[in-house]
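Novice: Right, I'll just put the structure down here and ask away after.
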Amino acid sequence: MIAAVIGTYTLYILVRLYVSVMQIGYINQIKRKGAVLMGEREYLDAANYAVAKEKLGMVETFVEYGLFLIWIGGMMAWLDGALMTQSESTHAIMAVMGLVLINGIVMLPFGWIAKFKIDEKYGFNRSSMGQFVKDTLIGTLLTLVIGSLMVWIVAMIITSSELWWVWSFAFIMAVVIAINMFFPTIRALFFDKVTPLEDPELKSKIEDLMSKTGFVSSGVFISDASKRDARLNAYFGGLGKAKRVILFDTLIQKLSPSELIAVLGHELGHFAHGDLYKNIAMVGAMLFGMFALFGNLPETLYLELGVSQSPQIVMMLFILLLPVVSFVMMPLMGIMSRHNEYEADRSGAELGGAEHLVNALKKLVSENKSFPLSHPLYRFFHTTHPPVVDRLRALGYDIRVNADEGYADPCPKE
């Protein structure tokens, strides 16, 4: 049984690496065939930036594989046996959070390289080392506190019910919904400083836009995201009355009011179509499948691993194998997400004007150095948004990419 688990994980790693190799080769080839949506210099920078990130991701994949083999090969059993505690709940918390903490420490250098080497080189990073350390410590502390509480509750459920996986799923889904509801508040409390939008004219336009779609918000806020990063972004966060409109200060600096309204119209399109709830439902389906699987694993697996079928071991296996299930589910979630993006673009065009949305998308591609083309396999496994060239075509913008460049992802039919 353990051979099957390792074989499945190995296949997952090989597919990930193959997709990355194909993406890198594709970008390096197509970047020499004429710029798309950008000037030549910008286009080459975007291509090189995408390749650099993908190469770093490949190294991360190798390290992730090594960690998995170490945990499965005996470290999980060693950690479980080395903890000398009287309380079963405390034992479960220390074992599971120990795994999370060790993996986090091992992978931490990649976050530093991404920010202070790659992002720094291409003009994105504005964070200081002190800010990076502070964010890392706060994020780690939140993970330990919230994670420990979740482990404690799941451990109690596992030890008290034969159908523990059903009740554990229900609890984790409640946590997912709560996180979506309070994410803007948590982010503002610990990471970003948000202030109410002061521009009365822009605020009036945004409120008028929201009223057209029935979007009730607790306010429109500006995030000081530029202290960390130069990228442009905006999002609607929260559920129910806790919803907030969050605009990155970088977005306001780079987009005109009309372009900003069109982008927000796109985001409101997601709200009008219930896309957030669809995404939560998809995550729920994935988690249900995971809990059903781990609730019925054969006892022989635990015997081969040299561990007992205890709450902490079940949860540690869950964490180790979650990336595999997520990777398998991603294509299905991607198909739904890309469809939703086209629908949201139509809403953005209707609410803010197609011309303004086109201009905003072109600016976002340029400012964020988002390489506009990608290998079909990469799109299938990784992307939640359609290629920007197809989004622009669907909005009526005439853009041509030569057929011999290996690109094919037609716009959806009306």
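The numbers here are math on the coordinates, done by the rules we state, and not lab data. What you see is a predicted model, and the numbers here were worked out from it, not measured in a lab. No Cβ is skipped: glycine too gets one built from the backbone with ideal geometry, and neighbour counts run over all protein chains shown.
Novice: Quote the relative contact order of the chain in percent (integer), defining contacts as alpha-carbon pairs under 8 Å separated by 6+ residues.
Specialist: It comes to 21 percent, rounded to a whole number.
Novice: Take 199, 229 and order them by how many other Cβ atoms sit within 10 Å, fewest up front.
Specialist: In increasing order of surrounding Cβ atoms, one gets 199, 229.
Novice: Scan around residue 255 for amide H atoms under 5 Å from its own, H built in the peptide plane at 1.01 Å from N, and keep only partners 5 or more places away or cross-chain.
Specialist: The list, which skips near neighbours in sequence, is empty: none.
Novice: How far is helix 88-113 tilted off the main Cα axis of the chain, in degrees rounded to 10, range 0 to 90?
Specialist: Result, in degrees: 40.
Novice: Per residue of the stretch 126-141, in order, report the coupling 6.51 cos²θ - 1.76 cosθ + 1.60 (Karplus, θ = phi - 60°) as ³J(HN,Hα) in whole Hz, putting x for Gly and Pro.
Specialist: 10, 7, 8, 4, x, 5, 5, 5, 4, 4, 5, 5, 5, x, 5, 5
Novice: Note down the relative contact order for the stretch 131-273 as a percent, whole number, built from C-alpha pairs under 8 angstrom at least six residues apart.
Specialist: The value is 20 percent.
Novice: Also, I was wondering about something else. Taking the Cα centre of the stretch 133-271 as the origin, how large is its charge dipole in debye, to the nearest 20, when only Lys and Arg (+1) and Asp and Glu (-1) carry charge on their Cβ atoms?
Specialist: Charge dipole, the stretch 133-271, about its Cα centre: 120 debye, nearest 20.
Novice: Here's something else I'd like to know. Alpha carbon centre of the stretch 360-378 versus the stretch 56-80: separation in Å?
Specialist: First find each Cα centre; the distance between them is then 33 Å.
Novice: In whole Hz, with x marking every Gly and Pro, tabulate ³J(HN,Hα) for the stretch 340-349 from phi via Karplus 6.51 cos²θ - 1.76 cosθ + 1.60, θ = phi - 60°.
Specialist: Ordered by residue, 3J(HN,Hα) equals 5, 5, 4, 5, 5, 4, 4, 5, x, 5 Hz.
Novice: How high is the relative contact order of the stretch 213-344? Use alpha-carbon pairs under 8 Å, at least six apart in sequence, and give a whole percent.
Specialist: It rounds to 22 percent for the stretch 213-344.
Novice: Quick one: 169, 288, fewest Cβ neighbours within 10 Å first, how do they rank?
Specialist: So the residues, fewest neighbours to most, are 288, 169.
Novice: With axes computed from alpha carbons, what is the tilt in degrees of helix 40-70 against the longest principal axis of the chain, rounded to the nearest 10 within 0 to 90?
Specialist: Tilt of helix 40-70: around 10 degrees.
Novice: Further, regarding this structure: With only Lys, Arg, Asp and Glu charged, each at its Cβ (+1 for the first two, -1 for the last two), find how big the charge dipole of the chain is about the Cα centre; round to the nearest 20 debye.
Specialist: 620 debye
Novice: Okay, helix-only estimate at 222 nm for the chain: each DSSP H run of n ≥ 4 adds -39500 (n - 2.57), divide by all residues, round to 500 deg cm²/dmol; what do you get?
Specialist: Calculated at 222 nm, the ellipticity per residue is -23500 deg cm²/dmol.
Novice: Excluding residues on the same chain fewer than 8 positions from residue 254, give the lysines whose Cα lies under 20 Å from its Cα.
Specialist: Leaving aside lysines fewer than 8 places away in the same chain, those within reach of residue 254 are 193, 203, 205, 227, 362, 363, 369.
Novice: Can you work out the Karplus-derived ³J(HN,Hα) for every residue in the stretch 275-288? Use 6.51 cos²θ - 1.76 cosθ + 1.60 with θ = phi - 60°, whole Hz, and x for glycine or proline.
Specialist: Values, residue by residue: 5, 4, 5, 5, 5, 5, 5, 5, 4, x, 5, 5, 5, 4 Hz.
Novice: Mind jotting down the distance between the C-alpha centroids of the stretch 129-174 and the stretch 1-32, whole Å?
Specialist: Centre-to-centre (Cα) distance: 30 Å.
Novice: Could you give the length gained on full extension between residue 309 and residue 326, defined as 0.36 nm per residue of separation minus the Cα-Cα distance, in nm?
Specialist: Full-extension gain reported as 3.8 nm.
Novice: Provide the percentage of antiparallel DSSP beta bridges, counting only those with both residues in the chain; round to the nearest 5.
Specialist: 65 percent
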